[in-house]
Each structure stands twice: as C-alpha cells, then as structure tokens.
Amino acid sequence: QVQLVESGGGLVQPGGSLRLSCAASGSSFSSYAMGWYRQAPGKQREWVAAITSGGSTNYADSVKGRFTISRDNAKNTVYLQMNSLKPEDTAVYYCNYRPARVGSWGQGTQVTVSS
C-alpha cells in the first residue's frame, strides 16, 4: 500500500503563490494517475487537478489557468503549483490516486488565503 504525505501548505495573501508536494512511498507510483483534492470548511471534498502516468493534465474549472500539477517519478512526488490564490482556495489539500482510493487519504496540508 502506497503512503502519501502532503506538505507545503501555509498562510498566503490573496494573489500569492504556494507549491504543494505529495511524496509517495512504494515502487508502483509512476504507473498511476494521481490527483489533488481539497476540502474547505463545511464543504465536501472536491477534485482539483489530475495527472496521468504519461503526464497529461486536467483541472477543475475553478483553478484552470492558476494551478499547475506536475510529477517527478524519479522522486515519487506530485506537485501542485498554485498561483493567483484567492480566499476561496482556502482548504485542506490532499493528494490521492485518480480516481481516489478510500484507503489512501493522507493527513493533507492546510492552505489559508487571507489578508
């Protein structure tokens, strides 16, 4: 079972940037599509971005043009570059497979966008 550990969250002002990382243990990481998800207070968890094993990407409409997902298979890591952050991006961000696997949710990393 691959373990996923997110990092890189923090407090940032509107318009700022953050880069999230998701480190995966296990040798089969590169074979799978991966995704970033987020859960804002009082809301259901939602999908944000995904990347296939071959590097193709797609995004939720709410983040398209502002967020970029990438992966480094040699480092078993998936990244989420977030630019032009808005207060509504405030949430706990998680990585998981795409589609998500119930047993693979990590602890997430908090992103707070506020002045």
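Look through the range 54-72, keep the residues that are open to solvent by less than 20 Å² (accessible area, probe 1.4 Å) and in a loop (DSSP other than H, G, I, E, B), and return whichever of them is nearest to residue 8 (Cα to Cα).
Among those residues, the one meeting the criterion is 63.
I'd like the residue in the range 40-60 that is in contact with a strand residue (DSSP E or B) (Cβ under 6 Å, 6 or more places away or on another chain) and among the hydroxyl-bearing types (Ser, Thr, Tyr) and, out of all such residues, is farthest from residue 30 (Cα to Cα).
59
Given the criteria touching a residue at least 12 places away in the same chain (Cβ under 8 Å), of a type outside the set (D, E, K, R) and under 22 Å from residue 2 (Cβ atoms), does residue 57 qualify?
In short, yes.
Looking only at the range 73-83, decide whether some residue is open to solvent by 70 Å² or more (accessible area, probe 1.4 Å), in a strand (DSSP E or B) and out of contact with any Phe, Trp or Tyr (no Cβ under 8 Å at 6 or more places or on another chain).
No: the range 73-83 contains no residue that is open to solvent by 70 Å² or more (accessible area, probe 1.4 Å), in a strand (DSSP E or B) and out of contact with any Phe, Trp or Tyr (no Cβ under 8 Å at 6 or more places or on another chain).
Go through 45, 19 for me and flag whichever is open to solvent by 60 Å² or more (accessible area, probe 1.4 Å), touching a Leu at 6+ places or on another chain (Cβ under 9 Å) and touching a residue at least 24 places away in the same chain (Cβ under 8 Å).
19
Only one of (1) within 20 Å of residue 16 (Cβ to Cβ); (2) surrounded by fewer than 16 Cβ atoms within 10 Å (Cβ to Cβ) is not met by residue 31, so which one is it?
(1)
Of all residues in the range 95-115, which are in contact with an Asp or Glu (Cβ under 6 Å, 6 or more places away or on another chain) and either closer than 16 Å to residue 10 by Cβ or crowded, with 18+ Cβ neighbours inside 10 Å (or both)?
Within the range 95-115, 95, 108, 109, 113 qualify.
The values are calculated or read from the model by the stated rules, or taken from the named source; none is laboratory data. The shown structure was predicted, so the numbers you read here are calculated from the model rather than taken from an experiment. Cβ coordinates were reconstructed from backbone atoms using ideal geometry, including for glycine residues, and neighbour counts include every protein chain displayed. Just the protein is used for accessible areas: all its heavy atoms, side chains included, with ligands, DNA and RNA removed. Shrake-Rupley method; radii C 1.70, N 1.55, O 1.52, S 1.80 Å.
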